[in-house]
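Working notes, structure below.
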Amino acid sequence: MGGRFITIEGIEGCGKTTQIPMLRGYLETRGWQVTTTREPGGTPVAEAVRKLLLDPDAEQMTDDTELLLVFAARAAHLEQVIRPALEAGACVLCDRFTDATYAYQGGGRGIDDERIAVLEQWVQGRLRPDLTFILDVPVELGLARAGKRGAKDRFEREHLAFFQRVRDAYLTHAQRVPKRYRVVDGDASIDEVHAAMVEIIYETFG
């Protein structure tokens, strides 16, 4: 089995960084060739954009600048990593993708979904994930977990209401397209979250 595009989404502290290596290990035991990557990032250009977007000391940028930078990084990521891996029959396991843009720049910043959709179509064409996990945690819990990692990046410095809008946007999109999105309780134990994700993988792909 290969050529599958799986994305993992959620607010800061939801557990993505812990779960992705575990999920990769499971998929590899099933004989899947797996490419793990992240957004923003995945290529030298996209990683440079990531550094700029997360730098708390970077110059003030408008919401539109932020949105366009995200899609500029995504264009490079798609061309150099994601599409080649999918065409080679691999399973691409990506830490965030365009759903994060709808959540953070849409829900968080207040940019209309219609404007984001124009860029999505331009950069991605028809490509969409086959399966999207949303690891859902209460905002206070996620931020408390993230705060233990050290210095806060540019997004982590946002106020609680921003992250509540981000979380709400994720859940709203999940309700609209239940066949692609799977919401997993990120407040459960690490093993319970992993087991839930494995079960969903089995139900989705057999």
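Numbers at a glance
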quantity	calculated
HN-Hα J in Hz across segment 90-97 - Karplus 6.51, -1.76, 1.60, θ = phi - 60°, x for Gly and Pro	7, 9, 9, 10, 10, 7, 6, 7
Interchain or long-range residues, amide H under 5 Å from Val184's placed H	Ile134, Leu135, Asp136
Per-residue ³J(HN,Hα) for segment 75-80, Karplus 6.51 cos²θ - 1.76 cosθ + 1.60, θ = phi - 60°, Hz, x for Gly and Pro	4, 5, 4, 5, 5, 9
Selection from Ile8, Leu78, Val34, by position along the positive dipole direction of the chain (Cβ)	Val34
Simple spin-label estimate for Phe205 and Gln164 in nanometres, 7 Å along Cα-Cβ	3.7 nm
Amide hydrogen neighbours beyond the local backbone of Thr36, cut-off 5 Å, H modeled	Leu93
Helix-only [θ]222 nm of the chain, DSSP H runs n ≥ 4, -39500 (n - 2.57) each, per residue, nearest 500	-15500 deg cm²/dmol
Unsatisfied cross-links (Cα-Cα over 27 Å) in the set Lys148/Lys179; Lys51/Lys148; Lys16/Lys148	Lys148/Lys179
Residues of segment 29-54 with amide N under 20 Å of a point placed 7 Å along Cα→Cβ from Ile190	29, 36-37
Listed residues Ala151, Ala85, Ala72, most fluctuating in the chain (Gaussian network, C-alpha, under 10 Å)	Ala151
Under the Karplus curve 6.51 cos²θ - 1.76 cosθ + 1.60, θ = phi - 60°, whole-Hz ³J(HN,Hα) for segment 6-11, x wherever Gly or Pro sits	10, 10, 10, 10, x, 6
Cα centre as origin, Lys/Arg/Asp/Glu Cβ charges: the chain dipole, Debye	360 debye
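Read-outs throughout are calculated quantities, based only on the coordinates presented, and are distinct from any laboratory measurement. This is a predicted model, so every value here is computed, not measured. With ideal geometry, Cβ positions are generated from the backbone for all residues, glycine too; neighbour counts draw on all protein chains shown.
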